[in-house]
1. If A:Glu103 satisfies all but one of (1) farther than 30 Å from B:Gln112 by Cβ; (2) buried (at least 19 other Cβ atoms within 10 Å of the Cβ), what's the number of the condition it fails?
2. Can you pull out the residues in the range A:109-121 that are buried (at least 19 other Cβ atoms within 10 Å of the Cβ), assigned to a helix (DSSP H, G or I) and either among the aliphatic types (A, V, I, L, M) or modelled with pLDDT of 95 or more (or both)?
3. Within the range A:44-76, restricting attention to residues that are near DNA strand C (Cβ under 8 Å from one of its atoms) and in a loop (DSSP other than H, G, I, E, B), which residue is nearest to the chain's Cα centre (by Cα)?
4. Would you check which residues across the range B:1-49 are touching a residue at least 24 places away in the same chain (Cβ under 8 Å), within 8 Å of chain A (Cβ to nearest Cβ) and of a type outside the set (A, V, I, L, M, F, W, C) and list them?
5. Can you tell me which residue in the range B:77-114 is nearest to B:Leu34 (Cα to Cα), limited to those that are within 16 Å of DNA strand C (Cβ to nearest atom) and among the charged types (D, E, K, R)?
6. Within the range A:122-143, identify whether any single residue is of a type outside the set (A, V, I, L, M), more than 18 Å from B:Leu14 (Cα to Cα) and assigned to a loop (DSSP other than H, G, I, E, B), and answer yes or no.
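The values are calculated or read from the model by the stated rules, or taken from the named source; none is laboratory data. Note that this is a predicted model, so its numbers are computed, not measured. With ideal geometry, Cβ positions are generated from the backbone for all residues, glycine too; neighbour counts draw on all protein chains shown.
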Protein chains: 2
Amino acid sequence: MRNNTMGSLIWLRLMRFANQSNQLSNEFLKRFDLTTAQFDVLAQIQVYQPITQSELAEKVVVTQGGISRMLARLEKESYIVRKQEWKTKTISLTEKAQAVLEEALPAQLMFQSSFFEDVLTKEEEKQLYKLITRVHKHSQQKKFPPE
Amino acid sequence: MRNNTMGSLIWLRLMRFANQSNQLSNEFLKRFDLTTAQFDVLAQIQVYQPITQSELAEKVVVTQGGISRMLARLEKESYIVRKQEWKTKTISLTEKAQAVLEEALPAQLMFQSSFFEDVLTKEEEKQLYKLITRVHKHSQQKKFPPE
DNA sequence: CTAGTTTACTTGACTAATCAAGTGATTGTG
DNA sequence: CACAATCACTTGATTAGTCAAGTAAACTAG
């Protein structure tokens, strides 16, 4: 019926795994009162602060509108401050966010790693990273799929 | 600064790729007037119809509430019909959905495959599938992360 | 036969995203 | 100098999902 190709099988697996691990990550981060999306944004800000909204949007691969809303939420929870500077808004972390990240970041890195370390050898991890990186980079070139 | 582990690097790549390819898939399916999520649900119904809502929710890994809303949308667009049977609602595809899928399904399978076929050898595809399957299965066991 | 439990589904409040249209400074250019 | 274009950001409408509380049918006692 559905003569699945190898590629479509990989795709399904990948999507289901991404979904699943995202949910588990949300569950995990609940103890820090964060969602995966919020953590991702805060971690990027920490690395690149001070940063403008549009730059940040690019880093986390979200539209301008998306980042605007996300930052509005994060500001309401006083994780970040936005300073109007010229026409640009410059974003940086508050003490609160800094403190939360200090705990959450290493924990989350461990958590993420555990998905792979528990079942793959060092060699296999490297192999997987190599393959997924190649696939990812290729997909970025793909921007405009042929009609 | 961020002493990233191999695992956390893989995770980031995987998530960004899942995100990216999901967006591209949405763009691709626009010609059929479908989103990736809708396509996924319709394809599952096609395989398993007639099926109940709760069974379907499990297949596509979404909550009861989520599937309820999704099916309400699909019904409004008359892609599916829901027949109350006892206390259960049995779902099946309409002619319209059947016709759309006939075109969309092979196209989408091709599209998904192209992410991998273009950059990996047959051998590497098998390797990637093996690794991601192991990782995915492991994540399903993981259901309740340790406190 | 009525009361309580379970099952299947819905719904309200929320997070997170998209697109497209709108706002409001800053920067050309005639 | 004024008008248009551009840039950075916001916002309304919509899709897609979550959780938790609610409804209604169908079983399961006492």
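1. That leaves (2) as the condition not met.
2. Of everything in the range A:109-121, just one residue is buried (at least 19 other Cβ atoms within 10 Å of the Cβ), assigned to a helix (DSSP H, G or I) and either among the aliphatic types (A, V, I, L, M) or modelled with pLDDT of 95 or more (or both), namely A:Leu109.
3. Residue satisfying both the conditions and the ranking: A:Val61.
4. Scanning the range B:1-49 gives a single hit, B:Ser21.
5. Going through the qualifying residues, I end up with B:Glu77.
6. No, there is no match, as no residue in the range A:122-143 is of a type outside the set (A, V, I, L, M), more than 18 Å from B:Leu14 (Cα to Cα) and assigned to a loop (DSSP other than H, G, I, E, B).
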